[in-house]
Structures are given as C-alpha cells and as structure tokens.
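All remarks here apply to the structure that follows.
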Amino acid sequence: MLYEIINPSDPYTIECSNHQVATAACFLLGHGKYAFEPLDGSKELRVPIFLMGGHDEWCQEKFGMDASTLLEDVLKKQSAELIAAFESCLIGKVGDRKEFEEACKRLEGNEDIKEFKLKRHESKRSSLNDIGGNAYRYAEGFREELEEE
C-alpha cells in the first residue's frame, strides 16, 4: 500500500506491505510527529500523528498490543518488509514516484538506481529535515542487523 508521509517538511511517499509495517515505519521515522495517509483513501489504514501521546492505546485497539510490543514484533517477524518500506521512501508526490519509476526502467543495475535515487533525493530536498535520508539509514542499519543474525 502506498502512503503519503504527512509532515511539515518536504512531501514523501512510502510503500508498506501491511498496516503493522506502516505503523512501525511511521513511529520510527516521525516519533509521533508524522502521520501516514493511505493514498487509496482507506481511513482504517491511516496512522495518525501522536504529538500528545495515545499511541499505546491506539496500537492496543488496532493490533492488540502496545506500541513497543508492535515495534518489537515487526522487527522480529517482518524486518525484511520494514527494510523494503524504508528503501521505498521517496521524496515528492505520487506523480513524482511514477516519474522516478519510469526513469529507473531505463537504468541498468541496482547501483545505478541507488545512485540516481540519492542524487534525485538531494536535488529535490528543500528541508533540513531529511526524512528520506533517515529512512535509508534505517534500512541500511536493519539490513546489517539482519545479515549478522
């Protein structure tokens, strides 16, 4: 599912395999300051902003566990999906994502795509708040942990 990351900085989209992964990614990236809005309009799959708390109660209602347990569960059982979500984070709106995907079809290897993505990211980023860079660092860190296990 494709989400818009609701934040006060640059626009971003992120693709998450399910609502638990989306919630974990939202919590890690925004620490309660961001929301994830599903782009298909599914209000039940929205992850709200938690500036004033309430994340544990919301997680209990949605998933039957508090926020810490949800994060642990996703990291333990769905780490590959969480890594993929962080790697999918892309600066811009949905139209920018489609344009990016079309450009990637013309590139040869994964390294070319990665380099193109990072250059594109830096050229489009206007905020000091580097949401995409943070997402890529999370992906890299979790991937290293997964490979060590």
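Can you tell me which residue among 120, 143, 125 is of a type in the set (Lys, Arg) and within 15 Å of residue 83 (Cα to Cα)? Give the steps one after another, and end with the answer.
On the way: 120 fails: within 15 Å of residue 83 (Cα to Cα); 125 fails: within 15 Å of residue 83 (Cα to Cα).
On inspection, the qualifying residue turns out to be 143.
Does residue 20 satisfy the condition of being in contact with a Leu (Cβ under 8 Å, 6 or more places away or on another chain), modelled with pLDDT of 95 or more, more than 21 Å from residue 117 (Cβ to Cβ) and of a type outside the set (A, V, I, L, M, F, W, C)?
Working: in contact with a Leu (Cβ under 8 Å, 6 or more places away or on another chain): yes; modelled with pLDDT of 95 or more: yes; more than 21 Å from residue 117 (Cβ to Cβ): yes; of a type outside the set (A, V, I, L, M, F, W, C): yes.
Answer is yes for this residue.
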**OP:** Take the stretch 100-117 and flag every residue that is free of Cβ contacts under 8 Å to residues at least 12 places away in the same chain and surrounded by 12 or more Cβ atoms within 10 Å (Cβ to Cβ).
**Re:** 107, 112, 113, 114, 115
Original post:
Does any residue of the stretch 128-136 turn out to be part of a helix (DSSP H, G or I) and modelled with pLDDT under 95?
Top reply: no
**OP:** Would you mind telling me which numbered condition in (1) part of a helix (DSSP H, G or I); (2) under 22 Å from residue 101 (Cβ atoms) residue 17 fails?
**Re:** (1)
Subject >> Leading residue by the ranking (farthest from residue 14 (Cα to Cα)) among those in the stretch 52-99 that are of a type in the set (A, V, I, L, M, F, W, C), in contact (Cβ under 8 Å) with a residue 12 or more places away in the chain and outside any helix (DSSP H, G or I) >> reply: 91
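The values are calculated or read from the model by the stated rules, or taken from the named source; none is laboratory data. Given the structure is predicted, the values throughout are model-derived calculations rather than measurements. Here Cβ is always computed from backbone atoms with ideal geometry, including for glycine, and neighbour counts include all displayed protein chains.
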